[in-house]
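The values are calculated or read from the model by the stated rules, or taken from the named source; none is laboratory data. This structure is a prediction, so every number in the text was calculated from the model and none was measured. All Cβ positions, glycine included, derive from the backbone under ideal geometry; neighbour counts span all protein chains shown.
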């Protein structure tokens, strides 16, 4: 695979989703062959002109879409055609408020229960991962694209803490679509205010999971999603 085939991504783009879309197109159209190893995170980051964490999120999206598989300590590979199970939602589809609303209804169905399950199922390593990404969300990068990447990683970490592969797969699939909602919400409000409110909501989720309080974790995630949808002026019809 020739790295020169890719161009640097515009800084104002939804970075992981755009990178995933470009690599995914190369795989679907056969320019990256089935079973072919992708370049390393370092090389892809250099090529696209982004950080390795952004590339990591893009690869995670492709994995959840069934286009890429990762092998521990080896790297990422294009999935063999007969093993691909692709469900794709293009970023452009979510420019419609109705589609945004549909996404939040799906998130409520999945993530509220995921938080509750994570509260009773998480391991010390899961809690450590939640703390790591929460630290990234609350650090100096919280105002930047890296803060959004950390936000996505938090939701993935909650899914992983369920110890249920299906939650991991389905929440992983919608993680990059969450990025579109985060960007939209940030564009509609005073950045300082919305970032601090969002961080507080995530801290509440983390604390409830750490306390192994399923009811509290469920409520904290519901409060976060209600807050996030409200910041987008969406009225959800989920009971």
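Condition check ((1) on the phi > 0 side of the Ramachandran plot; (2) within 19 Å of the chain's Cα centre (by Cα); (3) outside the structural domain of residue 103 (by TED's automatic domain parsing); (4) part of a helix (DSSP H, G or I)) across all residues:
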site: 199; (1), (2), (3), (4): no, yes, no, yes
site: 202; (1), (2), (3), (4): no, yes, no, yes
site: 206; (1), (2), (3), (4): no, yes, no, yes
site: 212; (1), (2), (3), (4): yes, no, no, no
site: 215; (1), (2), (3), (4): no, no, no, yes
site: 218; (1), (2), (3), (4): no, no, no, yes
site: 222; (1), (2), (3), (4): no, yes, no, yes
site: 226; (1), (2), (3), (4): no, yes, no, yes
site: 235; (1), (2), (3), (4): no, no, yes, no
ask   = Do the conditions hold for residue 24, that is, is it modelled with pLDDT of 85 or more and on the phi > 0 side of the Ramachandran plot?
value = no
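Could you tell me whether residue 59 is more than 17 Å from residue 152 (Cβ to Cβ), at pLDDT 85 or above, touching a strand residue (DSSP E or B) at 6+ places or on another chain (Cβ under 9 Å) and part of a helix (DSSP H, G or I)?
Judged against the criteria, residue 59 is not a match.
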